[in-house]
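Only the coordinates and a few stated rules stand behind these numbers; no lab work does. Computed from a prediction, not measured in an experiment: that's the story for all the values here. Here Cβ is always computed from backbone atoms with ideal geometry, including for glycine, and neighbour counts include all displayed protein chains.
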Amino acid sequence: MKYADAEPAGQPRRELATANVIAIVSLTTALAVWWTSIIASSAADLSRHGLIDAIKVQAGASEDWRKAYEEAASAARFSAYAAEAEALVSSADPAAQARGENLKAYLLPNLQLPAAPLATDPVYALPSGAYDIAERIEDLQAGSDLAALDPEASFARGDRMASQQRWLVVGSVLLAISLFWLAVAQITHARRRALTFVVGLAFFGAGVSWLPVIGAVYALLNGGAQ
Amino acid sequence: MSDPVSTPTLRSPERWKTAALVLTIATTVFASILAALQTDADIRASTANRDSQFLAVLGTGELQRAGLAANYEITVLGELFKHSQVGTVFELTALEQESRGEDRLA
């Protein structure tokens with residue numbers, strides 16, 4: 001009898017209040033899920049961007065290696081003919097000397113062209129008479145725009161976003177639990193309604209506080225606002 | 001006589017209701033935690049997939065580099081053998097010519 005007297009007066013107001021809070025929590029949950037999706041999408045974009053950069057870097061490196069080894073093969077051929085020409089020129093036979101001079105004058109310049117700069121720049125000459133191919137590859141890579149790309153930086157940034165996504169999901173879980181308790185409050189009465197309503201509000205408060213904290217922490221980690 | 005019989009029949013639905021509520025809460029909490037774990041597993045799977053692709057790209061490049069280097073080394077080795085053989089043949093020819101008394105040609 002006591003409840004029957006008290007409920008009709010306050011119940012519609014409480015139901016309306018609970019329904020309003022449920023609407024607010026639902027909207028907040030939708031926004032949190034949207035934000036989480038944006039972060040997940042950005043993380044996937046960064047990973048894909050990193051992979052594209054990795055392929056570009058590798059393509060550039062492969063081209064540099066190909067060029068360096070092509071130069072090296074030409075340089076080896078050039079050095080062999082240069083040695084032959086020197087041997088002929090230093091021979092006692094005048095015919096051999098003439099042949100050596102002609103090799104120097106007509107053949108060696110043409111052989112030198114595809115071997116340059118590996119065969120011509122003293123920077124690449126080793127004391128053993130061989131060429132420093134590794135140094136040549138390093139120089140080629142240093143002058144390449146593709147080598148300047150940093151896929152691992154994109155991956156690290158993508159990983160941070162994926163981590164942020166994990167923690168945002170925790171916020172969404174808190175909001176979902178809040179929504180559940182508020183729904184229970186809507187179908188219960190009197191003290192049980194008040195209790196479940198307060199529990200729902202507590203979870204909502206925790207979820208709503210959680211999301212901006214996570215946003216701020218990862219904004220700091222990423223070196224600025226997202 | 002009728003009171004002791006009627007009391008359990010009134011309380012029983014309330015107990016079931018409470019039990020159903022507790023189970024529903026537990027299910028909701030477990031489902032939420034499961035969703036969070038699923039998200040975490042998806043992220044880990046994506047990261048592993050990306051890393052495997054990245055390593056595959058690096059591996060392919062390394063294979064190409066090794067192929068270029070091996071090709072160069074074998075070509076240079078072949079050239080070295082060829083020049084050594086030509087040099088040996090020339091030296092033998094010169095020795096033959098010397099033994100025949102053809103010093104000027106040798």
Chain A: relative contact order as a whole-number percent, Cα under 8 Å and 6+ apart: 28 percent
At least 27 Å along the helix axis (C-alpha) and Kyte average at least 0.5, DSSP helices within chain A: A:151-187, A:190-221
With Cα atoms, 0 to 90° folded angle of helix B:2-99 axis to chain B main axis: 0 degrees
Shielding by other protein chains, A:151-158, mean Cβ within 10 Å: 1
Given charges at Cβ of Lys, Arg, Asp, Glu: the range A:2-221 dipole, positive-most of A:55, A:213, A:103: A:213
Local electrostatic count, residue A:112, Cβ distance below 15 Å [Lys/Arg +1, Asp/Glu -1]: -3
Dipole of the range B:56-106, positive direction: furthest Cα of B:88, B:78, B:61, with charges on the beta-carbon: B:61
Per-peptide average of other Cβ atoms within 10 Å, ordering A:92-104, A:52-64 highest first: A:52-64, A:92-104
Interatomic Cα distance distribution for the protein assembly as shown, bins of 20 angstrom, percent: 20, 27, 19, 15, 11, 6, 2, 0
Neighbour-count order for A:187, B:43, fewest beta carbons within 10 angstrom listed first: A:187, B:43
Other protein chain Cβ atoms within 10 Å, averaged over every residue that makes up B:21-29: 3
For the range A:147-203 and the range A:29-101, distance of Cα centres in Å: 50 Å
Hull volume in cubic angstrom per residue (convex hull over the Cα atoms of the range A:97-226): 157 Å³
Test item: B:51-62 mean partner chain Cβ contacts at 10 Å: 4
Top positive-direction residue, dipole computed over chain A with Cβ charges, set A:122, A:18, A:151: A:18
